[in-house]
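The structure appears below as structure tokens.
The values are calculated or read from the model by the stated rules, or taken from the named source; none is laboratory data. Since the model is a prediction, treat every value here as computed from it, not as a measurement. Counting neighbours? That spans all protein chains shown, and the Cβs are built from the backbone with ideal geometry, glycine included. Note: accessible area is taken over every heavy atom of the protein model, side chains too, but ligands, DNA and RNA are not part of it. Shrake-Rupley method; radii C 1.70, N 1.55, O 1.52, S 1.80 Å.
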Amino acid sequence: IISPQLVRKMPRGGRGRCRAVAMPATCAVETLQDGMAASMALPSKADVMQAVASLYDDELKPYSRILRKRLAEQSGANAKDCEAVRLRAHCNSFQTLRVVSEDGGEWSALLVDREPTFVNIYDGVDIYPEEMWAAAEAYFRNLGRQGNHRLPGGRYASAQALMGRDLPFLAGCTLGRVCHFMQVALTNRRILGYA
């Protein structure tokens with residue numbers, strides 16, 4: 001995700017082109033072996049429950065990909081360390097969780113004793129005041145002038161990076177709300193774009 005200066009240089013739609021990169025066969029084998037060894041370990045029930053509860057606190061639905069990221073953040077390990085299929089079976093074994101199939105082969109792990117109050121980060125409705133947008137645009141333009149126009153890839157990582165900067169215009173927002181703010185900034189407002 002990049003700042004406004006580069007958005008203006010990009011083709012309409014805001015998306016750059018991606019290309020595949022060839023990986024030497026020896027590297028691929030090592031990566032596969034490392035991934036298989038790492039995927040053997042499953043997080044404890046306490047770790048899974050803590051991760052799911054923290055996503056509820058952040059108003060983020062605990063989709064498998066997000067849950068795996070959160071588990072990795074908690075443990076300091078690679079986000080790919082726990083296979084989604086094995087994690088799903090693990091979560092299914094908890095009476096405190098209800099595993100739900102989602103679109104595109106995704107699944108979510110919901111707490112049975114807590115109301116879901118998740119932010120729909122893909123909702124295109126702009127609910128933010130103009131003062132907030134003015135402050136955000138000024139901040140992003142300043143980043144571009146400093147040559148520091150890049151944020152980490154993806155809404156989740158970019159939202160975390162912005163929250164870590166204690167920006168006044170995001171004060172009081174949950175991580176889920178900042179993810180939605182990023183979505184609106186990318187789509188409706190077009191003050192950010194993809195590189």
State the percentage of accessible surface on the range 131-195 attributable to carbon and sulfur atoms; use a 1.4 Å probe and exclude ligands, DNA and RNA. 50 percent
Coil-residue trypsin sites (Lys or Arg not before Pro) of the range 151-195, DSSP, other Cβ within 10 Å capped at 16: R165, R189, R190
Between W107 and residues 5 or more places away or on another chain, which pairs have amide H atoms under 5 Å apart, with H built 1.01 Å from N, and which residues are they? S64, R65, E102
What is the spread of the Cα atoms of the range 96-186 along each of their three principal axes, largest first, in whole Å? 48, 25, 23
Would you please classify the overall shape of the range 138-180 from the alpha carbon gyration tensor, given that a ≥ b ≥ c denote the square roots of the eigenvalues, rounded means a/c under 1.5, and beyond that prolate means a/b larger than b/c while oblate covers the rest? oblate
Å² per residue, accessible surface of the range 92-195 at 1.4 Å: 52 Å²
